[in-house]
Amino acid sequence: MKINEVDIPAPIVLKFVEMAYQVKEIGYKKYSAWTIINIIRWHEEIDKGNRNFKCSNNWMAHLARWTMEKYPDLDGMFNIRPMKGEREVDHEPLPNTSHFQQTEGERTC
């Protein structure tokens, strides 16, 4: 399954969404995509004994974003950070400090 140009196996995507709904149904408003991915890993590798199971950490951000976009009732479930190449725009610009001058012998933090 292509999510944001990343190939992620459909069973992982479906299990991720299913588990996101499970945590929502028991009352969580926020949850960790990292935790969900690792529960999926545990289930596949330990419970099922699938030693060939592969699940990249690089998929977490894509899965979280895609899930919240595709399922609006899960919007806000995961905290997201800017991905490589994205600009963060939610911050105030730094003040202009060019008018501050350090005199000889002064130390600043």
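Here, each number is a calculation from the coordinates, and none is a lab measurement. What you see is a predicted model; the values in this text were computed from it and never measured. Neighbour counts run over all protein chains shown; Cβ positions are idealised from the backbone, glycine included.
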Can you tell me the length gained on complete extension of the stretch E45 to I26, counting 0.36 nm per residue apart and subtracting the Cα distance? 4.3 nm
Spin-label point model (7 Å from Cα, Cβ direction): what's the N57 to D7 distance in nm? 2.3 nm
Mind checking the log10 I(q)/I(0) for region 2-74 at q = 0.15, 0.18, 0.22, 0.26 Å⁻¹? Debye, one equal scatterer per Cα, no solvent, two decimals. -0.48, -0.69, -1.00, -1.31
